[in-house]
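I have placed the structure first, in the form of structure tokens, so that the comments after it can refer back to it.
The values are calculated or read from the model by the stated rules, or taken from the named source; none is laboratory data. Model, not experiment: these values are computed from the prediction. All Cβ positions, even for glycine, are placed from backbone atoms using ideal geometry, and neighbour counts span all protein chains on display.
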């Protein structure tokens, strides 16, 4: 990250998108809801671009994830964005995280 650059805003997992909606942060923005919160998110924010199949969404200054495991993928994406893909691969290896498990 360069001096003076504003860090992206990362927001919660699981109920994070629903909480973001209550704060008005998802107006006209994409969001990946938790599978149990799809209808609630759609009802609360009619203008949100609800992406049911997305694990996480990077919309510039707002980054949201659908659940805890997607939050790990989102965090690795953020490491890559801020420190580069090589560093993200190092962190992933350290976590022993498989972004595409066999099941």
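Quick look at the numbers
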read-out: Of residues in segment 57-71 being modelled with pLDDT under 90 and not in a loop (DSSP other than H, G, I, E, B), the one surrounded by the fewest Cβ atoms within 10 Å (Cβ to Cβ); value: 68
read-out: Residue that is modelled with the highest pLDDT [pool: residues in segment 5-28 that are part of a loop (DSSP other than H, G, I, E, B) and closer than 14 Å to residue 70 by Cβ]; value: 11
read-out: Extreme residue, surrounded by the fewest Cβ atoms within 10 Å (Cβ to Cβ), among residues of segment 82-96 that are under 26 Å from residue 35 (Cβ atoms) and out of contact with any helix residue (DSSP H, G or I) (no Cβ under 6 Å at 6 or more places or on another chain); value: 96
read-out: Which numbered condition residue 52 misses (of (1) surrounded by 18 or more Cβ atoms within 10 Å (Cβ to Cβ); (2) in contact with a helix residue (DSSP H, G or I) (Cβ under 7 Å, 6 or more places away or on another chain); (3) free of Cβ contacts under 8 Å to residues at least 40 places away in the same chain; (4) closer than 21 Å to residue 24 by Cα); value: (1)
read-out: Qualifying residue in segment 29-48 (condition: surrounded by fewer than 19 Cβ atoms within 10 Å (Cβ to Cβ), modelled with pLDDT of 85 or more and at positive phi); value: no
read-out: Complete set of residues in segment 55-71 that are in contact (Cβ under 8 Å) with a residue 40 or more places away in the chain and touching a helix residue (DSSP H, G or I) at 6+ places or on another chain (Cβ under 7 Å); value: 58, 63, 64, 65
